[in-house]
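First the structure, in the form of structure tokens, and then the observations on it.
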Amino acid sequence: MIVVKADKRPPSLTERRREATRLEIAEAAAELFSGRGYEATTVEAVAQAAGVSLRTFYRYCPAKEDALTPLLVAGVADLVDELAARPEDEPVGAAVAAAFLATTIDRRRAGAGRTRRLIRVMGTVPAIRMRWLVAGREMRDRLLPVLAARTGNAADSLEVRLLATMVIDAVTVALEHWAEQDAGDLAEVTARALAFLKVDEI
């Protein structure tokens, strides 16, 4: 197996607590946005649902649209680690599909119905969509060394950058299609998207 992980110190207790608070706020926002709608949900309601003060909310989230950001980026490191740990001889498309399904938001505390509603919110609220696009770019950049190791090309090569972009775009479109069209099983939709792009042939 290939394992590619960043060499960094483990987070301190304070950092872990801060991250936990960020995720609690994000989970509360996700629940409210998906249930009530983005416009109908106030910052006060999110703070109350998360069990934090309004001051604490703004310490972690400059604006309401920032509340979901931790959920959008939380799976990036997990996805990279999961993909890096897949068998070396596994086709790229199959490895990405398996890694994505192992770390996707649908495998967290959210159910499929709520996840679909949340994805729709992300797609219709411009400010949140911008943050989603930024998260996708971050995911692409973090995938570069993992895909480089799997393909034998340099991480900054045109081929690896294109492959990473294709993978992220395919996963993003699959997730949006699954949410907007109520399209069956997410694993099947993701596999179809990757197969259509013939990622395994690269």
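So here's what we get for this one:
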| item | result |
| --- | --- |
| Identity of the residue in region 66-102, under 16 Å from Arg142 (Cα atoms) and of a type in the set (Asp, Glu), that ends up surrounded by the fewest Cβ atoms within 10 Å (Cβ to Cβ) | Asp78 |
| Cβ pairs under 9 Å, 6+ apart, first in region 27-44 and surrounded by fewer than 14 Cβ atoms within 10 Å (Cβ to Cβ), second of a type in the set (Gly, Ala, Ser) | Arg36/Ala45 |
| Matching helices (runs of 4 or more DSSP H) fully within region 51-125 where at least 3 residues are out of contact with any Pro (no Cβ under 6 Å at 6 or more places or on another chain), in the same structural domain as Ala20 (by TED's automatic domain parsing) and modelled with pLDDT of 80 or more | 54-60 |
| Condition met for Arg114 (charged (D, E, K, R) and under 17 Å from Val73 (Cα atoms)) | no |
| Residues within region 32-50 that are touching a helix residue (DSSP H, G or I) at 6+ places or on another chain (Cβ under 7 Å) and assigned to a helix (DSSP H, G or I), tallied | 10 |
| In region 175-189, residue farthest from the chain's Cα centre (by Cα) [restricted to those that are in a helix (DSSP H, G or I) and without any contact (Cβ under 8 Å) to a residue 24 or more places away in the chain] | Glu188 |
| Single unsatisfied condition, Asn153 versus (1) outside any helix (DSSP H, G or I); (2) modelled with pLDDT under 85 | (2) |
| Selection status of Thr172, assigned to a helix (DSSP H, G or I) and either modelled with pLDDT under 80 or in contact with a strand residue (DSSP E or B) (Cβ under 7 Å, 6 or more places away or on another chain) (or both) | no |
| Checking Ser157 against (1) over 28 Å from Ala28 (Cβ atoms); (2) under 13 Å from the mean Cα position of the chain (by Cα); (3) surrounded by fewer than 17 Cβ atoms within 10 Å (Cβ to Cβ); (4) not acidic (Asp, Glu), the condition it does not meet | (2) |
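For every residue, the table says whether it meets (1) in the same structural domain as Asp89 (by TED's automatic domain parsing); (2) buried (at least 21 other Cβ atoms within 10 Å of the Cβ); (3) farther than 19 Å from Ala85 by Cα.
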position: Arg140; (1), (2), (3): yes, no, no
position: Ala149; (1), (2), (3): yes, no, no
position: Asn153; (1), (2), (3): yes, no, no
position: Thr172; (1), (2), (3): yes, no, yes
position: Glu176; (1), (2), (3): yes, no, yes
position: Gln181; (1), (2), (3): yes, no, yes
position: Thr190; (1), (2), (3): yes, yes, yes
position: Phe196; (1), (2), (3): yes, no, yes
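The values are calculated or read from the model by the stated rules, or taken from the named source; none is laboratory data. Since we're looking at a predicted model, the values are computed, not measured. Backbone-built Cβ (ideal geometry, glycine too); neighbour counts: all protein chains shown.
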